[in-house]
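Below is one structure; the comments refer to it alone.
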Amino acid sequence: MFTLFGFVVPETIIYAVVTWFLMLAAFMSARRYRRLHVVTMGTVITLDFLFPFYLYATRDWGRRLFDEGEILSFMLWTHLLLVLTLYVLYVVQIQAGSRLLKGVESARADHRAQGLGILVTRALVIFTGALFIESP
């Protein structure tokens, strides 16, 4: 845990915000630095798919979900639905990106729109995930 302006901020939130800004930078520089864009987005997407495994290994989900009854909370299900939406957007984005790399220019508009959707959805995932922070 770190402190920022007097607030305790867990490393998971710092990681998520930093990688969100990496995605934003990759989105903004996609045309100019295509290779950097592909590597950055591929790395962040891979880490996002692995992130739940890290959380499972480092957090006591059984206590919070079942003992404290959080499994029935609307906030949890909203967060999970946003995470699933993000993963679906990642798959569709990878498909559009591979078509672009093959030279299909008609995929560019879809790829850009999906990129914006990913940035918005991921910001919402970070926000709803931050609501689950337990105070020390």
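Derivation of every value follows stated rules applied to the coordinates shown; laboratory data play no part. The model shown is predicted, which means the values in this text are computed figures rather than measured ones. Methodologically, a virtual Cβ is constructed for each residue, glycine included, from the backbone with ideal geometry; neighbour enumeration extends over all protein chains shown.
Quick look at the numbers
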| read-out | value |
| --- | --- |
| All positions within region 88-115 that are touching a residue at least 24 places away in the same chain (Cβ under 8 Å) and exposed (fewer than 13 other Cβ atoms within 10 Å of the Cβ) | 101 |
| Pair list, Cβ under 7 Å, 6 or more apart: region 52-78 residue without any contact (Cβ under 8 Å) to a residue 60 or more places away in the chain and over 17 Å from residue 127 (Cα atoms), other residue of a type in the set (Val, Ile, Thr) and in a helix (DSSP H, G or I) | 65/71 |
| Index of the failed condition, residue 132 passing every other in (1) part of a helix (DSSP H, G or I); (2) surrounded by 15 or more Cβ atoms within 10 Å (Cβ to Cβ) | (1) |
| Filter result (within 17 Å of residue 12 (Cβ to Cβ), surrounded by 14 or more Cβ atoms within 10 Å (Cβ to Cβ) and of a type in the set (Val, Ile, Thr)) within region 46-86 | 83 |
| Helices (runs of 4 or more DSSP H) lying entirely in region 1-102 (those with 2 or more residues that are among the basic types (Lys, Arg)) | 34-58 |
